[in-house]
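Student: Pasting a structure below so you can have a look.
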Amino acid sequence: GSWHLERQIDDRRAVQQGRLAGAAVFSPEGDGLLYREEGRLAIGGHDGAAEQSYRYLFPEAGRAEVFFRDGRPFHALDLTAGTWTATHLCEPDRYEGAFTALGPDGWRVVWRVAGPRKDLILDSTYRRAL
């Protein structure tokens with residue numbers, strides 16, 4: 001389905017705040033789902049279009065494996081308890097994600113990214129598009 005997406009960005013290394021507003025859509029693709037987000041990103045001197053996509057596969061009920069568009073693994077996801085934490089090592093940086101179900105029509109994920117190249121907090125809220 002379709003979701004409204006609001007993302008707050010705190011780039012602590014560059015000492016700047018940003019925002020992405022747009023939409024995220026999950027659509028069937030093969031034996032899983034294709035996630036595609038598109039929006040407008042404003043941060044620093046940049047204000048323009050942004051996009052991202054991932055592939056979700058479901059090895060068992062209630063559990064997903066998330067992959068980058070090039071097929072590399074990103075993280076596992078299981079929201080059956082309403083929350084989930086995930087770690088992704090993108091050497092030399094580390095991504096720590098905290099997922100929270102906000103009910104049937106919303107969810108949130110906060111990624112904290114730390115390492116020699118990055119120091120970010122990406123706080124995204126999704127609301128079901130009606």
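The values are calculated or read from the model by the stated rules, or taken from the named source; none is laboratory data. These numbers were taken from a predicted model, which means no experiment stands behind them. Don't worry about glycine lacking a Cβ; one is built from the backbone with ideal geometry, like all the others, and counts go over all protein chains shown. Surface accessibility is based on the protein's heavy atoms, side chains included, excluding ligands, DNA and RNA. Shrake-Rupley method; radii C 1.70, N 1.55, O 1.52, S 1.80 Å.
Student: Could you look at the chain and say what percent of its accessible area is carbon and sulfur, using a 1.4 Å probe and all protein chains? Could the numbers behind the result be given before it?
Tutor: Details: 4110 of 7530 Å².
Its accessible area is 55 percent carbon and sulfur atoms.
Student: Add +1 for every Lys or Arg and -1 for every Asp or Glu among the other residues with Cβ under 9 Å from the Cβ of L77, and state the total. Spell out each step's value before the answer.
Tutor: On the way: positive: R63; negative: E65, D78.
Surrounding charge for L77 is -1.
Student: Local charge sum around S53 (other residues, Cβ-Cβ under 14 Å, Lys/Arg +1, Asp/Glu -1)?
Tutor: Working: positive: R36, R55, R69, R72; negative: E29, E37, E38, E51, D70.
Neighbour charge sum, excluding S53 itself: -1.
Student: Quick check: net charge around C90, other residues with Cβ under 10 Å of its Cβ, Lys/Arg +1 and Asp/Glu -1?
Tutor: Values: positive: R72, R94, R117, K118; negative: E91, D93.
Surrounding charge for C90 is +2.
Student: So, with +1 on the Cβ of K and R and -1 on the Cβ of D and E, and no other charges, what is the size of the charge dipole of region 15-87 about its Cα centre, to the nearest 20 debye?
Tutor: The calculation lands at about 180 debye.
Student: OK, next. I'd like the distance between the alpha-carbon centres of region 44-88 and region 95-121, rounded to an integer number of Å.
Tutor: 11 Å
Student: Could you point to the residue in A24, A86, A42 farthest towards the positive end of the chain's charge dipole, with +1 and -1 charges on the Cβ of Lys/Arg and Asp/Glu respectively?
Tutor: Ranked along the dipole, the leading option is A42.
Student: I'd like the Karplus ³J(HN,Hα) series for region 81-87: coefficients 6.51, -1.76, 1.60, θ = phi - 60°, whole numbers in Hz, and an x wherever there's a Gly or Pro.
Tutor: So the Karplus estimates, Gly and Pro as x, are 8, x, 9, 7, 10, 9, 10 Hz.
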